[in-house]
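Asks: Pasting a structure below so you can have a look.
Laboratory data are not the source of any read-out in this text; all were calculated from the coordinates shown. This is a predicted model, so every value here is computed, not measured. Note that we place each Cβ from the backbone using ideal geometry, even for glycine, and neighbour counts take in every protein chain shown.
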Amino acid sequence: MLTVDAVDVTDEAAFRQWFSVRVRAHLADAPSLPATSFEEARSDLPRPGDPYDRWHHLIALDGSEPVGSARAELTCDNPDLAYLTVVVRPDARRRGVGSALLGALEDWSAEAGCTALIGDTMRPAGSAVPGDAFAAEHGYRAGAVSVFRLLDVPEALTRLDALDPGVPSGYRVVTWAERCPSELLEFRAALNEEIAADDPATRQAVEAWDGARVRAYEDRMIAAGRSRLCAGVVETASGELVAVTWFVRPPGEREHVKQLGTVVARKHRGHRLGLLVKVANLRQLGSAWPGTRVVSSWNGDLNAAMIAINSALGYRVAGEGTDWEKSFRS
Ligand SMILES: CC(C)(COP(=O)(O)OP(=O)(O)OC[C@H]1O[C@@H](n2cnc3c(N)ncnc32)[C@H](O)[C@@H]1OP(=O)(O)O)[C@@H](O)C(=O)NCCC(=O)NCCS
């Protein structure tokens, strides 16, 4: 008999069971793409009582066998928006498990006051995945498309000097690990708001960041064992941080690093600061984390500026994803 239950993810055994479904699905759906480790998934979880993020986990059991896992993610910025994921073990598909999980997530989201639901599907480049038909069948509308790229780090490091655009007059480069320098903190927060405003997946609401929220996020990363390397550009006259980019490395990982959060403040675009911060951070990566072999990065398929930078650095397409959206029960 199929049951759907809430999962207490502070119980490691329960979260392992929930995560086991994802491991099986990844091997079937996207074996050519880097997998998320258990440690990484656990390190991602908001801590109980986190004031910014609230996640709700569900597991589908066939008897005592875990056959599906699902999650709704709510943030303080978008109280009416839930980000949903549903994953079913490959040998248990087309038996209604995914629909049961999605229905339960939608009910929970409605009770939490959400009126808009989003999710995404991911596939190796050029292939089809069942999630697309599943989302469409459940009334979700296809939205933005993102492209997943991988960078061969040892090869890229040999070309950094040639790629370096140089620091334009009036700016300087800064780098740091883990915690942003205090004098840049509020500017860092403002750049996060710019990223959110540019992201099609979060366009339905604005994110409100301040220095305290940046510090809380950094503390969460450190407590979870996630290491970060960041590079930025400061406008010399004002002392303002006007561009930033960062890498994150999950606990226990040595070879695969994720590229996240590159942004150049709107009024400072057009000076090659995007390429400059990325080159600076790759240089930092080469000396701080010398075992790194691959960096992965997601970009909106319409984000021509960032795609041009990543292509110049040597990123190659490995997969793609589609956002799916539904106005709740409308
Ligand atoms: C997408 C996924 C969750 C579906 O789980 P599932 O338990 O097989 O889904 P259901 O049995 O409830 O399917 C419901 C309907 O969705 C559609 N559907 C699901 N899989 C499909 C496929 N491979 N091809 C075409 N339609 C499909 C069908 O209309 C199906 O109804 P039917 O079986 O009566 O024809 C599962 O394939 C999966 O885990 N995929 C990887 C993760 C993913 O992409 N998740 C979705 C985005 S978060």
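Asks: Assuming a ≥ b ≥ c are the square roots of the Cα gyration tensor eigenvalues, decide whether the range 1-91 counts as rounded (a/c under 1.5), prolate (otherwise, with a/b larger than b/c) or oblate. Spell out each step's value before the answer.
Replies: Details: a/c = 1.69, a/b = 1.37, b/c = 1.23.
Verdict is prolate for the range 1-91.
Asks: How much length would be gained if the chain were fully extended between Glu183 and Glu240, taking 0.36 nm per residue of separation minus their Cα-Cα distance, in nm to one decimal?
Replies: Numbers: separation 57, 0.36 × 57 = 20.52 nm, distance 0.89 nm.
That works out to 19.6 nm of additional length.
Asks: A further question follows. Would you mind telling me the antiparallel percentage of the DSSP bridges in the chain, rounded to 5? Each step should come with its number before you reach the end.
Replies: Numbers: 67 of 73 bridges.
Roughly 90 percent of the beta bridges in the chain run antiparallel, per DSSP.
Asks: Let me ask you something else. Quick check on the range 182-330: take the gyration tensor over C-alpha atoms, sort the square-rooted eigenvalues as a ≥ b ≥ c, and tell me if it's rounded (a/c under 1.5), prolate or oblate.
Replies: Working: a/c = 1.22, a/b = 1.08, b/c = 1.13.
Rounded shape, in that the Cα axes give a/c under 1.5.
Asks: Could you work out how far helix 273-288 tilts from the main Cα principal axis of the chain, as a 0 to 90 degree angle to the nearest 10?
Replies: Approximately 80 degrees, to the nearest ten.
Asks: Given the range 150-322, what percent of its DSSP beta bridges are antiparallel, to the nearest 5?
Replies: On the way: 25 of 28 bridges.
Antiparallel bridges make up about 90 percent of those DSSP assigns within the range 150-322.
Asks: Then there's this: At 0.36 nm per residue, minus the direct Cα-Cα distance, what do Arg94 and Ala133 gain on full extension? Give it in nm, one decimal, please. Present the calculation step by step, with values, prior to reporting the outcome.
Replies: Details: separation 39, 0.36 × 39 = 14.04 nm, distance 1.16 nm.
This chain segment gains 12.9 nm when fully extended.
Asks: What is the chain by shape, rounded, prolate or oblate, if you read a ≥ b ≥ c off the alpha carbon gyration tensor as root eigenvalues and call it rounded for a/c under 1.5, prolate for a/b larger than b/c, and oblate otherwise? Each step should come with its number before you reach the end.
Replies: Working: a/c = 1.82, a/b = 1.63, b/c = 1.12.
Since a/c reaches 1.5 and a/b is larger than b/c, the shape of the chain is classed as prolate.
Asks: On to the next question. Report the local net charge at Trp176: Lys and Arg +1, Asp and Glu -1, summed over other residues whose C-beta lies under 13 Å from its C-beta.
Replies: On the way: positive: Arg179, Arg188, Arg228; negative: Glu178, Glu183, Glu218.
Net local charge, Trp176 excluded: 0.
Asks: Roughly how tilted is helix 97-111, in degrees to the nearest 10 and between 0 and 90, from the longest Cα axis of the chain?
Replies: 70
Asks: For Ser169 and Ser64, calculate 0.36 nm times their separation in residues minus their Cα-Cα distance, and state this gained length in nm to one decimal. Please list the in-between numbers first.
Replies: Working: separation 105, 0.36 × 105 = 37.80 nm, distance 6.43 nm.
Computed gain between Ser169 and Ser64 is 31.4 nm.
Asks: What value, in deg cm²/dmol to 500, does the helix sum -39500 (n - 2.57) over DSSP H runs of n ≥ 4 give at 222 nm once divided by the residues of the chain?
Replies: -10000 deg cm²/dmol
Asks: If you don't mind, another one. So what's the angle, to the nearest 10 degrees on a 0 to 90 scale, between helix 12-29 and the longest Cα principal axis of the chain?
Replies: 80
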